[in-house]
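Asks: This is the structure I have questions about; it appears just below.
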Amino acid sequence: MTAEPDLRRQPLDTAHQPFEAVRPPLGASPLDASPRPVDPAALTVLSLPMHDPRVRPLLDELAVEYDTRYGDLFGREGAAEELNRYPAEEFAGPDGALLVIQENGESIAGGAFRRYDDATAELKRIWTHSAHRRRGLARVVLAELEALAARRGYSRLYLTTGPRQPEAKYLYLATGYQPQFDLDADPETIKFLAFTKELSGHPQN
């Protein structure tokens, strides 16, 4: 399988994307260093196959995060099962894609989508490197995936996140995704929190 070109341009219209609010950790002094703001000119967006070594940081950290947060809920093999649930070909064009954002040659964020149905792309593997969180990179990833999915002809997005990732839930709510579950319910009783978003406002080819 060949990669799509190493891509495209600097991130899509980031000047108009509201970045995640930055605040110091609880108990931190106001003098503590804050995360560096994102400089769109310093970012490169790559469309890569799953086996590319530049994707490995994404997969490695996702495995650690899944095991840390969900090991007691889904079992010790839960992370491996989730990361291997879909064949790599499902995240390749034209129906899918896997994007990695690099800064100074380092993979710092990424995400993917696959075909869910004829009109819907399912977002997967949304990730920000642990050393680069609270910089607004997740919003950049979402904007890139949404724009590419629209160009591929999709009109709707679907995704799920786990019950122990409140930061992900609030990110999706803040970026226009509609919850398909009761927001007042205990997330642990739902397990998989589903969201959808219409892409009718994006240009399509």
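Asks: How many residues are at pLDDT below 95, among the aliphatic types (A, V, I, L, M) and under 21 Å from LYS169 (Cβ atoms) when one looks only at region 105-136?
Replies: 1
Asks: Does GLU122 meet the test of being in a helix (DSSP H, G or I), of a type in the set (Asp, Glu) and crowded, with 18+ Cβ neighbours inside 10 Å?
Replies: no
Asks: Within region 149-172, how many residues turn out to be in contact with a strand residue (DSSP E or B) (Cβ under 6 Å, 6 or more places away or on another chain), part of a helix (DSSP H, G or I) and hydrophobic (A, V, I, L, M, F, W, C)?
Replies: Here the count works out to 2.
Asks: Kindly provide the set of residues from region 173-201 that are outside any strand (DSSP E or B), in contact with a Phe, Trp or Tyr (Cβ under 9 Å, 6 or more places away or on another chain) and more than 21 Å from ASP67 (Cα to Cα), ordered by number.
Replies: LEU173, TYR177, GLN180, PHE181, LEU199
Asks: A follow-up question, please. Here are the criteria: (1) within 20 Å of ALA168 (Cα to Cα); (2) at pLDDT 60 or above; (3) part of a loop (DSSP other than H, G, I, E, B); (4) not hydrophobic (A, V, I, L, M, F, W, C). Tell me which single one PRO49 does not satisfy.
Replies: So PRO49 meets the others, but not (1).
Asks: Considering only region 145-154, I want to know if a residue exists there that is over 27 Å from VAL38 (Cβ atoms) and either at pLDDT below 95 or surrounded by fewer than 17 Cβ atoms within 10 Å (Cβ to Cβ) (or both). Don't jump to the end; show me each part of the working.
Replies: Restricting attention to region 145-154, the residues satisfying the condition of being over 27 Å from VAL38 (Cβ atoms) are 153.
After this cut, where a residue has to be either at pLDDT below 95 or surrounded by fewer than 17 Cβ atoms within 10 Å (Cβ to Cβ) (or both) as well, the list is 153.
Within region 145-154, one or more residues are over 27 Å from VAL38 (Cβ atoms) and either at pLDDT below 95 or surrounded by fewer than 17 Cβ atoms within 10 Å (Cβ to Cβ) (or both).
The values are calculated or read from the model by the stated rules, or taken from the named source; none is laboratory data. Quantities reported herein were computed from a predicted structural model and do not represent experimental measurements. Virtual Cβ from ideal backbone geometry, glycine too; neighbours counted across all protein chains shown.
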